[in-house]
Amino acid sequence: MDDISIKHQPDETSGAALINSPALANTRKVYVKTYGCQMNVYDSQRMADSLAAEGYSPTDTADDADLVLINTCHIREKASEKLYSALGRLRKMKDARAKEGRELTVGVAGCVAQAEGDEITRRAPVVDLVVGPQTYHRLPQALARVAKGERVVETEYAIEDKFEHLPSPGKEQTRSRGVTAFLTVQEGCDKFCTFCVVPYTRGSEVSRPVAQILKEAEKLADAGVRELTLLGQNVNAWHGEGPDGREWGLGELLYRLAEIPGIARLRYITSHPRDMDDALINAHRDLDMLMPYLHLPVQAGSDRILKAMNRKHTGDDYLRLIERIRNARSDIALSGDFIVGFPGETDEDFEATLQLVRDVTYAAAYSFKYSPRPGTPGADLPDHIDEAVKDERLQRLQALLSEQQYAFQRSLVNKSFDVLIEKAGRVPGQMVGRSPWLQPVIIDVHGGRIGDIINVRIIDTGTNSLIGVREMV
Ligand code: SAH
Ligand code: SF4
Ligand code: F3S
């Protein structure tokens, strides 16, 4: 493990995207395996929606699937490697099926698909289809070509807007996914941090238009969604023309989304420190339903390293920004991302990261060893850091971050706050909900219904979860 793993983080551990639509039983089956960030989780759902329209019903195992789609992540070397080990297993499965006269179609989607394209079909003959993130709306046509015996690689950046052409989520599908939902509002990145592949795998920054976002949000609310998380690689760089004809930023969009009946909670992820404008900070001050939890990656504490990373801000800029945000919303908790062992990072630079973490105090954080990515400027820098040094730094950083995370968990004991009930617990009478800070809350609550927001008092903490009782006021 090179990260502290918590739900809702950009990592490569998220599970399969599933939909359940009983009406489509006994049709062809698709298994979608999702790696990577929330954007991939969202994309997998949208791909499943578009395949449902083609008669594919979802399954949660490759064994009974006719089509396996692997939605991949390219962010770190380890993340990419997962693709090839999964393909090795699928090759065996495909060979075994061939003997029984049964077919298996294998598709690769996501960021490795975009970055490696043809290379994947060359290296892994088991693959029938490669689709990059901007061409998912062409999936049905691509599958039709595969059925005719072609091997298809679709990785151009499509000129047409894929969101216009992807079917929007159906009510039944949304219902089966629960009371929380992701909604991509922005995709791609123009920031070119020198360590990062995202600008190459997701293309340049594109914001979805306001009307499209509102329509999708209203549909989700109508299907019972209570908590909406807006997604973007640089979500706070989202901008668009509002119905009032003015240029809107994410702040304005949040005020508008807050008006949708049924939606009770809003979140957004992931933000860049340089795009936290006043309107967005004010939204945190004004909107109770904007959850007091902000993921604001800083990556490093040393100005020299921040410059080499092309983050275009200093450690001090970040601290001052946090102060402004905390002034606007005093109960806000922060999470962040960190990279240790960027080329040229000295002990002193690393100490600056530890100091920044002490200055900020995070409720949660994700930390990674620098992984050189082909084609990024960072990979060509001199003075790469030894793995052993990276390991040691990561351990020290994670020890500090875990301490802060634990302290945050403990600080919630005896506090009362609203919890959104998401599902039934393992024990009868128990429900599992979500705190404003994303921790799962296990509640002994008789009569609570999924989708309810109830006031809960925390009586204890688990490793990553909280244990609470319904507050009777
Ligand atoms: N858009 C977000 C981050 C997207 S990638 C932002 O600007 O912060 C998610 C996280 O993966 C990053 O914040 C970074 O901490 C980590 N990451 C990205 N590239 C990496 C690399 N080459 N090696 C190690 N970690 C990396
Ligand atoms: Fe990657 Fe930087 Fe863009 Fe985030 S802002 S996606 S880290 S290039
Ligand atoms: Fe990975 Fe692509 Fe997301 S590289 S983190 S799946 S944008």
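The values are calculated or read from the model by the stated rules, or taken from the named source; none is laboratory data. Fair warning: this is a prediction, and the values are worked out from it, not measured in the lab. Methodologically, a virtual Cβ is constructed for each residue, glycine included, from the backbone with ideal geometry; neighbour enumeration extends over all protein chains shown.
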Among (1) farther than 20 Å from residue 199 by Cβ; (2) within 16 Å of ligand 3 (Cβ to nearest atom); (3) in contact (Cβ under 8 Å) with a residue 60 or more places away in the chain, there is one condition residue 35 misses while meeting the rest; what is its number?
(1)
Options 415, 369, 390: the member that is within 16 Å of ligand 3 (Cβ to nearest atom) and of a type outside the set (Gly, Ala, Ser):
369
Tell me which of these residue 110 doesn't satisfy, since it passes every other one: (1) more than 16 Å from ligand 2 (Cβ to nearest atom); (2) buried (at least 24 other Cβ atoms within 10 Å of the Cβ); (3) of a type outside the set (D, E, K, R).
(1)
Can residue 337 be described as closer than 19 Å to residue 196 by Cα, charged (D, E, K, R) and surrounded by fewer than 22 Cβ atoms within 10 Å (Cβ to Cβ)?
yes
Residues in the stretch 352-386 that are in contact (Cβ under 8 Å) with a residue 40 or more places away in the chain, of a type outside the set (Val, Ile, Thr) and in a helix (DSSP H, G or I): how many?
8
Pairing a residue in the stretch 142-162 that is among the aromatic types (Phe, Trp, Tyr) with any residue that is surrounded by 19 or more Cβ atoms within 10 Å (Cβ to Cβ), where Cβ atoms lie under 6 Å and the two sit 6 or more apart in sequence or on different chains, gives 157/134; 157/203
Residue check: is residue 44 touching a Lys or Arg at 6+ places or on another chain (Cβ under 9 Å), within 16 Å of ligand 3 (Cβ to nearest atom) and among the small types (Gly, Ala, Ser)?
yes
Of the numbered conditions (1) part of a loop (DSSP other than H, G, I, E, B); (2) within 16 Å of ligand 1 (Cβ to nearest atom), residue 449 fails exactly one; give the number of that condition.
(2)
Residues of the stretch 417-442 being closer than 27 Å to residue 329 by Cα, in contact with a strand residue (DSSP E or B) (Cβ under 6 Å, 6 or more places away or on another chain) and not in a loop (DSSP other than H, G, I, E, B), which ones?
418, 419, 420, 421, 422, 432, 433, 434, 440, 441, 442
Filter the stretch 109-168 for residues that are among the hydrophobic types (A, V, I, L, M, F, W, C), part of a helix (DSSP H, G or I) and under 27 Å from the mean Cα position of the chain (by Cα) and give the result.
111, 112, 113, 115, 120, 139, 142, 143, 163
Considering every residue within the stretch 191-201, establish whether at least one is more than 17 Å from the chain's Cα centre (by Cα) and either in a strand (DSSP E or B) or more than 16 Å from ligand 2 (Cβ to nearest atom) (or both).
no
Identify the single condition in (1) away from ligand 3 (no atom under 16 Å from the Cβ); (2) without any contact (Cβ under 8 Å) to a residue 40 or more places away in the chain; (3) on the phi < 0 side of the Ramachandran plot that residue 245 does not satisfy, given that it satisfies every other one.
(3)
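Yes or no, residue by residue, for (1) within 16 Å of ligand 3 (Cβ to nearest atom); (2) on the phi < 0 side of the Ramachandran plot:
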position	(1), (2)
110	yes, no
120	yes, yes
141	no, yes
149	no, no
175	no, yes
182	yes, yes
189	yes, yes
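Pick out the one residue from 252, 345, 259 that is part of a helix (DSSP H, G or I) and out of contact with any Phe, Trp or Tyr (no Cβ under 6 Å at 6 or more places or on another chain). Walk me through it before giving the result.
Working: 345 fails: part of a helix (DSSP H, G or I); 259 fails: part of a helix (DSSP H, G or I).
Step by step, each of 252, 345, 259 is checked, and only 252 is part of a helix (DSSP H, G or I) and out of contact with any Phe, Trp or Tyr (no Cβ under 6 Å at 6 or more places or on another chain).
Test residue 414 against the criterion of being modelled with pLDDT under 95 and either under 29 Å from residue 329 (Cα atoms) or of a type in the set (Ser, Thr, Tyr) (or both), and give yes or no. Even if it seems obvious, please write down each step before you answer.
Values: modelled with pLDDT under 95: no; either under 29 Å from residue 329 (Cα atoms) or of a type in the set (Ser, Thr, Tyr) (or both): yes.
So residue 414 fails the test.
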Please specify each residue of the stretch 343-368 satisfying the condition of being touching a Gly at 6+ places or on another chain (Cβ under 7 Å) and under 19 Å from residue 384 (Cα atoms).
343, 352, 353
Of the listed residues (253, 290, 266, 306), the one being within 16 Å of ligand 2 (Cβ to nearest atom) and either closer than 20 Å to residue 208 by Cβ or buried (at least 19 other Cβ atoms within 10 Å of the Cβ) (or both) is 306
Out of (1) without any contact (Cβ under 8 Å) to a residue 40 or more places away in the chain; (2) under 20 Å from residue 363 (Cβ atoms); (3) surrounded by fewer than 22 Cβ atoms within 10 Å (Cβ to Cβ), what's the single condition that is false for residue 315?
(1)
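Hey, among the residues in the stretch 223-247 that are among the charged types (D, E, K, R) and not in a loop (DSSP other than H, G, I, E, B), which one's nearest to ligand 2 (Cβ to nearest atom)?
247
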Test each condition in (1) part of a helix (DSSP H, G or I); (2) without any contact (Cβ under 8 Å) to a residue 24 or more places away in the chain; (3) more than 15 Å from ligand 1 (Cβ to nearest atom) for residue 218 and report the one that comes out false.
(2)
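If you go through the stretch 248-264 one residue at a time, how many are over 26 Å from residue 189 (Cβ atoms) and in contact (Cβ under 8 Å) with a residue 40 or more places away in the chain? It would help to see each step written out before you state the result.
Filtering the stretch 248-264 down to residues over 26 Å from residue 189 (Cβ atoms) leaves 258-264.
Next cut, in contact (Cβ under 8 Å) with a residue 40 or more places away in the chain only: 260-264.
Residues in the stretch 248-264 being over 26 Å from residue 189 (Cβ atoms) and in contact (Cβ under 8 Å) with a residue 40 or more places away in the chain: 5 in total.
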